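Working notes, structure below.
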Protein chains: 2
Amino acid sequence: MDIEALRTANPEHWMKATAIRTLTLDAVAAANSGHSGMPMGMADVATVLFEKHLKFDAKNPDWFDRDRFILSAGHGSMLMYSLLYLTGYEDMTLEQVKNFRQWGAITAGHPEYGHAKGIETTTGPLGQGISNAVGFAMAEASLRGRYGKKIVDHYTYVIAGDGCLMEGVSQEAIALAGRQELGKLIVLWDNNNITIDGTVDLTDRTNQVARFKASGWHVIEIDGHDPAQIDDAISKAKVTKKPSMIACKTHIALGHAAQDTSKGHGALTNADQLAAAKALYGWNFGPFEIPADVKAQWEAIGTRGQAERAAWEARFAEASASRQAEFTRMMTGEAPKKLSATIKALKKQISEDAPKVATRKASEMALEVINPIAPETIGGSADLTGSNNTKTGDLGVFSPEDRKGRYVYYGIREHGMAAAMNGMALHGGVRPYGGTFLCFADYARGSMRLSALMGVPVTYVMTHDSIGLGEDGPTHQPVEHLAYCRATPNTYLIRPADAVETAEAWEIALSSKSTPTVMALSRQNLPTVRTEHKLKNLTAQGGYVLAEAEGKRQAIIMATGSEVEIAMEAKKLLEAEGIGTRVVSMPCMELFDAQDEAYRKRVLPAGPVRVAVEAAVRQPWDKYLLGERGRENKAAFVGMEGFGASAPAETLYEKFGITAANVAQKVKDLL
Amino acid sequence: MDIEALRTANPEHWMKATAIRTLTLDAVAAANSGHSGMPMGMADVATVLFEKHLKFDAKNPDWFDRDRFILSAGHGSMLMYSLLYLTGYEDMTLEQVKNFRQWGAITAGHPEYGHAKGIETTTGPLGQGISNAVGFAMAEASLRGRYGKKIVDHYTYVIAGDGCLMEGVSQEAIALAGRQELGKLIVLWDNNNITIDGTVDLTDRTNQVARFKASGWHVIEIDGHDPAQIDDAISKAKVTKKPSMIACKTHIALGHAAQDTSKGHGALTNADQLAAAKALYGWNFGPFEIPADVKAQWEAIGTRGQAERAAWEARFAEASASRQAEFTRMMTGEAPKKLSATIKALKKQISEDAPKVATRKASEMALEVINPIAPETIGGSADLTGSNNTKTGDLGVFSPEDRKGRYVYYGIREHGMAAAMNGMALHGGVRPYGGTFLCFADYARGSMRLSALMGVPVTYVMTHDSIGLGEDGPTHQPVEHLAYCRATPNTYLIRPADAVETAEAWEIALSSKSTPTVMALSRQNLPTVRTEHKLKNLTAQGGYVLAEAEGKRQAIIMATGSEVEIAMEAKKLLEAEGIGTRVVSMPCMELFDAQDEAYRKRVLPAGPVRVAVEAAVRQPWDKYLLGERGRENKAAFVGMEGFGASAPAETLYEKFGITAANVAQKVKDLL
């Protein structure tokens, strides 16, 4: 690469872009770790994007109708931090840049949502950012369709690397984006032909241009170091009705000794090589030093969007007060005002009617009353709409023809769905929920973990939550999934026992501001166990006394979901023999553990023997079975020890011993 | 669709194919559940494949050089069961077909590996079969490259549906197959334009032909109900050097009232509609009845490969005795004879040298001595070769140019790698291991669960196994992953403390016949704690006394991996204060739990307080902390309660309180 030619062709651009390169080199050298090559290669693209196209206001970074910029190749985080610092984001000080990858700094190894303004999503696990971006663009299209261009009308830009495109989730995302004709989604592919193990063609010879076109994208190929080509390509991408992919041919670690090699990825900390690169750049400044004129040019870029922001605020102010209020509520993630009353009314009705329904059906019953009062909800399913019961009558279908529709057919793309939901929630103004079978949480794990890590309140509607799904067999029967959702920090795993608890679960999910909810719902019908109406949301306490012992309390049976019915049956058997038995419903361990100790001890007092019953592995239950005074010889578990099998559900419960008789016998064995 | 035309065009073919259709309809009606439409749509393709191309011998289903047939669209399991019954597989009796989806039957809802001969892999979770198939084809190519065409030379056929192609993992698989030029892989796509939620174009308008071509595949489009076109397409696919995708335009639920609709997927149990379909087919027979001439034609197909099998056996017998012995050992999955002695020698050397190395490096040290004596190993990494330390000097690189190479550059495709490894292990003759960061087990979960469910002994080399990876931050730092591997049935999660335990872990992994191993390995250097050489594989006991209390035993500290060093430091601090402390290394809970009770009580006797230390969540430890006599007030845990952070590793351990001082303090607090 002829650096001299680049320098002289457009000196002002060169200096701006090279400020990114040198900040990256200096920060990585200071941290003695980090990825240098990608920011150095994509500095030109990012510079043109920020200078000429990205709609943003560095001093008002949360302005709702800003363009979104997502660094899917999150390892190149110094590209992001450099841009934020240079354009004048107030929290991104030079001190923060100097503390790259250090404890307490907002400049983490990979961009972490919530650390710094301007980081729209957490990236680093490859393929996530580009897939989140599809959700951003869908949220934008949905809100634009419903609230008009005056309020919502912006682009979503993504920088993605080879790794992002190799990860399978990206195929799910690009196919979905193509189908949905997300014309305001623009992906800038860092086509540098280098991965960690070597050149890309060591592992991949996919023609990415053809692949994107096959999924309905507009594709342009450019020299990623030529500002005019970059500018022109983005201009064209903005006007096409298709999502756009701009293949930017670049040189990783441009101008460094490691240029165009897989070594160019990593920590370029050699002082001599660093100095040589700076000399080649014509950059005669100290570490972290940006000449005043270059910084001034960058800061001017940071203020470029002020007028647009002000104009948007003026337009927003023109909307009716009620519309402003609704939109503001949705933007800030507040639950609908009517939610609490709506849920209470539904609970009262259910307690009176005492229907025997699957909790997946109960979830639909809740959504039928929620969706009309919650315009922020956007439902969907990964091709299991009729099984997940996620589509209610009034939603309409989100499509290029109807952006007002609020139901998304995601296709058979659990990972892509989860990533898109993260993107929608991060965009704001909408609150996504989406369904699949609980077992296929496995496919979505990569994004579900990020929901928890970022603290975005998406709702996973996971039906067919145990061997109770029956004949489909062990590939479809979760046994370890409840455990792993509970092991994941900042995740509500709620497994409601009946339609009342399901309604309560939805109230929790829709009121959550920073925790995702995974609902584990049954395929099979379950009786209403909460036949006495209570205004209070008992599920929000995580666990509670569902039925008190009639005689002297000798046993406590804990259960969740479909096994609460079994616990209640076991209680009957035991009480008939004079064994006073309390039943504790434990729909959400995380919420129970968050209660104060006094409450927890009231629900699970020392003394009685304890048996837990759940059609899953024991691991998460040990703390309740063995803790406090519940010693090994005072506690037992009835559940699964291995994988399930294919047979009708009732047969499976019988064969795996998850029965009331077995639970009652365990209690008697312990007494 | 003009059924009459199909019937008359080729009556003999029609009757054979329709035997599949009617068995499917009858079995689904009997079970009152199951997927009918796919077998009805793909019956013609399957019939031609089995009749004219598939190399198999129904009476000798395990013959090593048979072609492999994989039903990636596993919900259409009745297609498989029909074919196996009709061609005369001895275990697939009519009784089994009649017991479709019932307890104890080999005819599970989805094809389960190990249930019936001819089921080469468990399918049902979409996208897995096609991705396994890439592994099958790689194993075949590898063995063919090394042992010659006389011993190994067969095709891998796949029937895949729209769902398989939408799942992201399929993109990883097809790109890998294209890059590796797996010419003997032939995918038959059931292009019926129907998913559960509606027509495919509701969610996807990807041009699959263009997409496969973009990844280097040979593609043919045909009418999937025309036997001549099917035959011709397969013939062409067999001779191309590229992997082949045959797009078979079909009608789901052909001839049924639900034909060409999403209802055609599901349980077509309506008796009138079933009768109408049979009438349209010209099928005048009772339920499960196959006319004798049709059955005879099918059974002839089942014997078609007998001569080929016999010829193969004759060729195999010509090989040298040592070659036969080696190949037979590899086929049956026996560990190399020299393995035990090799590991012992390595352990002795390590105990003497006492190196301070990361366990990922220790893993490489083990592989350096294992790979030369274990020709069955095929290593690889998802683009983290240098970080996972998976490539040893002698392996060579597997590629179209060098099929003798035993190292696979999988690219940034964790899920595709895991699925391919399952396929290789199922093919037999090879034993795959592959690496990524432990955190990215999330991406591979779908296939890792299937390793466990199928019981295939693949090895996952998961490095960077905690906050100890440092600056990359929380997206790369597993905290819940150890818990979920342990929660998954039939999975060895081994987290070795030093190079000796790592060597022992490899012996376990390579000796395993029906359990996958997940190795959790450190990025950071760890001292050798096993400085006293023992012949016995202590890791195989799961947990053991690493260091006994010097004074009166008042405390037991349990730890794994990188935290064993911390436990040993804490012991020192405590012993200095006269508190006798035992340290238990617990590299594999599953193996420890499998020991007899007497052993477990010897290692973890009642009495002393217990503290566990692991840089991960507590969930899996409760059983040891709270069980036996270890009550809440006698036990504590030092580990992670939430996600990690970006900073140098030492800082993170300090900030999260995972230190020897803290462990020692916990012990003192409890005493």
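What follows draws every value from the coordinates through simple rules; no lab data is involved. Keep in mind that this is a model prediction, so the values were computed, not measured. In this analysis, Cβ positions are derived from the backbone assuming ideal geometry, glycine residues included, and neighbour counts consider all displayed protein chains.
For this structure, a couple of remarks:
- Percent antiparallel among DSSP beta bridges (both partners in the protein assembly as shown, rounded to 5): 10 percent
- The amide H of B:Ile194, built 1.01 Å from its N in the peptide plane, has B:Val200 as neighbours under 5 Å, considering only residues 5 or more places off or on other chains.
- Charge dipole (debye, nearest 20) of the range B:541-669; +1 at Cβ of Lys and Arg, -1 at Cβ of Asp and Glu: 460 debye
- Among B:Asn10, B:Pro291, A:Gly104 the positive-end extreme of the charge dipole of the protein assembly as shown (Cβ point charges): A:Gly104
- Candidate aspartates and glutamates for bridging to A:Lys295, where Cα separation is under 18 Å - those fewer than 8 sequence places away on the same chain excluded: A:Glu12, A:Asp26, A:Asp44, A:Glu51, A:Asp57, A:Glu90, A:Asp91, A:Glu95
- Share of pairwise Cα separations in the range B:3-309, more than 29 Å, in percent: 29 percent
- Annotation: amide H of B:Thr377 within the under-5 Å range of B:Arg431, sequence separation 5 or more or interchain, hydrogens built in the peptide plane.
- Each of A:Pro375, A:Tyr653, A:Asn389 was placed along the dipole of the protein assembly as shown (beta-carbon charges, centred on the mean Cα), and the one lying farthest toward the positive end is A:Tyr653.
- Across the range B:447-461, coupling constants 3J(HN,Hα) worked out from phi with the 6.51/-1.76/1.60 Karplus curve, θ = phi - 60°, read 7, 5, 4, 5, 4, 5, 5, 7, x, 9, x, 7, 10, 9, 9 Hz, and Gly and Pro carry x.
- Förster radius 41 Å - calculated FRET efficiency between A:Trp103 and B:Val397 (Cβ-Cβ, nearest 0.05): 0.55
- Extension gain, B:Glu550 to B:Glu95, is 157.3 nm, computed as 0.36 nm per intervening residue step minus the present C-alpha separation.
- Reducing the range B:335-394 and the range A:94-112 to their Cα centroids gives an inter-centroid distance of 36 Å.
- Amide H contacts of B:Leu526: B:Val357, B:Ala358, B:Thr359, each under 5 Å away and 5 or more positions distant or on a separate chain (H built 1.01 Å from N in the peptide plane; Pro and chain starts excluded).
- Copy-to-copy label separations for B:Lys536, where each label sits 7 Å from Cα toward Cβ, in nm and ascending: 5.5
- All-pairs Cα distance distribution in the range B:191-275, expressed in whole percent, bin size 10 Å: 17, 36, 31, 14, 2
- 28 Å Cα-Cα threshold exceeded, pairs from A:Lys59/A:Lys242; B:Lys59/B:Lys149; A:Lys623/B:Lys361: A:Lys59/A:Lys242; A:Lys623/B:Lys361
- If both residues of a DSSP beta bridge must be in chain B, then about 10% of such bridges are antiparallel.
- Geometric extent, Cα atoms of the protein assembly as shown - Rg, Dmax (angstrom): 30.7, 93
- Area projected by the alpha carbon convex hull of the range B:541-669, averaged over all directions, nm²: 7.4 nm²
- ³J(HN,Hα) computed for each position of the range A:591-598 - Karplus, 6.51 cos²θ - 1.76 cosθ + 1.60, integer Hz, glycine/proline x: 6, 5, 5, 7, 6, 6, 4, 4
- Two-site FRET efficiency, A:Glu650 against B:Asn490, from Cβ-Cβ distance with R₀ of 25 Å, rounded to 0.05: 0.45
- Evaluated with a Cβ-only charge set (Lys, Arg +1; Asp, Glu -1), chain B carries a dipole of roughly 1500 debye about its Cα centre, given to the nearest 20.
- By the count of other C-beta atoms within 10 Å, a proxy for reagent exposure, B:Cys248, B:Cys485 are ordered fewest to most as B:Cys248, B:Cys485.
- Label 7 Å beyond Cα on the Cβ vector: A:Ser322 copy-to-copy distances, nm: 9.0
- Taking Cα centre as origin and charging only the Cβ of basic (Lys, Arg, +1) and acidic (Asp, Glu, -1) residues, the dipole magnitude of the protein assembly as shown rounds to 1560 debye.
- Sorted shortest first, the distances from the A:Glu401 label point to those of the same residue in the other copies are 5.2 nm; each point sits 7 Å from Cα along Cα-to-Cβ.
- Burial ordering of B:Phe285, A:Phe64, fewest other beta-carbon atoms within 10 Å first: B:Phe285, A:Phe64
- Karplus-based coupling profile of the range A:169-185, in residue order and whole Hz: 4, 5, 5, 4, 5, 5, 5, 5, 5, x, 4, 7, 6, 7, x, 9, 9, with θ = phi - 60° in 6.51 cos²θ - 1.76 cosθ + 1.60 and x standing for Gly or Pro.
- Stretchable slack from A:Arg205 to A:Thr240, in nm (0.36 nm times residue separation minus alpha-carbon distance): 9.8 nm
- Calculated mean residue ellipticity, 222 nm, chain A: -13000 deg cm²/dmol, from DSSP H runs (n ≥ 4) at -39500 (n - 2.57) each, averaged per residue and rounded to 500.
- Subset of A:Lys55/A:Lys249; A:Lys552/B:Lys668; A:Lys249/B:Lys236; A:Lys634/B:Lys536; B:Lys534/B:Lys666 violating a 28 Å alpha-carbon distance limit: A:Lys552/B:Lys668; A:Lys249/B:Lys236; A:Lys634/B:Lys536; B:Lys534/B:Lys666
- Å³ per residue enclosed by the Cα convex hull of chain B: 156 Å³
- Our summary of shape: the Cα atoms of the range B:384-482 have principal axis extents of 39, 32, 17 Å, ordered from largest down, in whole angstrom.
- Annotation: Cα Rg of the range A:112-204 relative to the compact-globule expectation 2.2 N^0.38 Å equals 1.20.
- For the range B:338-527: rounded, prolate or oblate by the Cα gyration tensor [a/c cutoff 1.5]: rounded
- If R0 is taken as 60 Å, the Cβ-Cβ distance between A:Arg315 and B:Lys52 corresponds to a FRET efficiency of 0.30.
- Taking other C-beta atoms within 10 angstrom as a stand-in for reagent exposure, B:His75, B:His415, A:His476 fall in the order A:His476, B:His75, B:His415, fewest first.
- Beta bridges by DSSP in the range A:338-527, antiparallel share as percent, to the nearest 5: 15 percent
- Unit charges at the beta carbon, dipole of chain B: most positive-side option, B:Leu274, B:Gly627, B:Leu126: B:Gly627
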